[in-house]
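Here the structure is laid out as C-alpha cells; the discussion comes afterwards.
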Amino acid sequence: MELQRKAQKVWKETLFAQLLRQVADSHERCAWLMHSVLPDESIVGDWENMARYLGTVAAAIGEDPDCAKQEMPASPLRVGYIPEVIRYEKLAELVRPNAVEELLVAAVAVARFCRFNLTIAPNEMQLACLQGLANGETLANLAKRLGYSERHVQRILAEMWHQFGVASTTEGVAFAVAQGWVTAHRDIASRSCPA
C-alpha cells in the first residue's frame with residue numbers, strides 16, 4: 001500500500017484529479033469483481049495478487065483528498081484529457097524490477113484464464129432483467145416491475161452486454177439462453193423465428 005501511496009504522488013503531478021478518480025473507480029470495481037469469483041486452484045495466487053494490486057491502487061488514489069472529492073462525469077474522459085508526457089522514470093525509482101515482472105506474469109496468467117475458462121454468471125438483478133427480456137417484456141414494463149427507472153435498467157443491460165461481449169439485446173438474450181441462465185418461452189421464440 002505504501003508503494004501505491006508514493007506512486008499516487010507521482011501520478012498526481014501529471015494526471016488530472018478527475019481522471020485519477022475514474023482510474024480508482026474502475027480499479028475498485030475490477031478488484032470487487034475479482035473478489036466475487038472463485039477461480040480455479042491453478043490460478044488462485046495470481047488472481048489474488050491482481051485483485052490486491054487493483055484494490056491498493058484504488059485505495060491510494062481514494063486517500064488523496066483532491067481525487068476523492070471529484071464528481072464522476074456522466075461519460076468517461078476522452079483520450080484528449082490524458083497528458084502526452086507521464087513521468088515513468090519517477091515511478092521506476094519506486095519499483096523493484098522483479099516486482100514488475102511478478103505482476104506482469106500474474107496479469108498474463110489471469111488474462112489467459114479469463115479468456116479461456118471463465119464466464120461470469122449474472123447476478124440476481126441481471127437474471128431478472130434477462131428473464132424478463134426472454135419473456136418478451138418491454139424495457140418500460142421491466143423497469144416498472146423491478147422498481148427502477150428505464151435509464152437504470154438500460155445501464156444494467158449495457159454493462160451486461162459488455163460483460164458478455166455481445167452487441168445487442170437479441171444477442172444478449174440468446175447468449176443467456178445458450179448458457180442456460182434463462183429460458184425463452186415457446187410462444188416468444190416462435191414469434192421471433194417464423195417457420
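Each reported figure results from applying straightforward, stated rules to the coordinates on display, with no laboratory input. This one's a predicted model, so the numbers in the text were calculated from it and none came from an experiment. Methodologically, a virtual Cβ is constructed for each residue, glycine included, from the backbone with ideal geometry; neighbour enumeration extends over all protein chains shown.
Taking the Kirkwood radius as the inverse of the mean 1/r across Cα pairs, report the Rg/Rh of the range 1-69. Expressed as Rg/Rh, it is 1.05.
Rounded if a/c is under 1.5, else prolate if a/b is larger than b/c, else oblate: which is the range 124-192, with a ≥ b ≥ c the root eigenvalues of its Cα gyration tensor? Oblate, since a/c reaches 1.5 and b/c is not below a/b. Each Lys or Arg adds one and each Asp or Glu takes one away; over the other residues whose Cβ falls under 12 Å from the Cβ of ALA106, this sums to -2. Near VAL182, the amide H atoms lying under 5 Å from its own belong to VAL177; only residues 5 or more places off or on other chains count, and H is placed 1.01 Å from N.
Spatial offset of the range 39-71 relative to the range 7-27 amounts to 13 Å, using the alpha carbon center of each.
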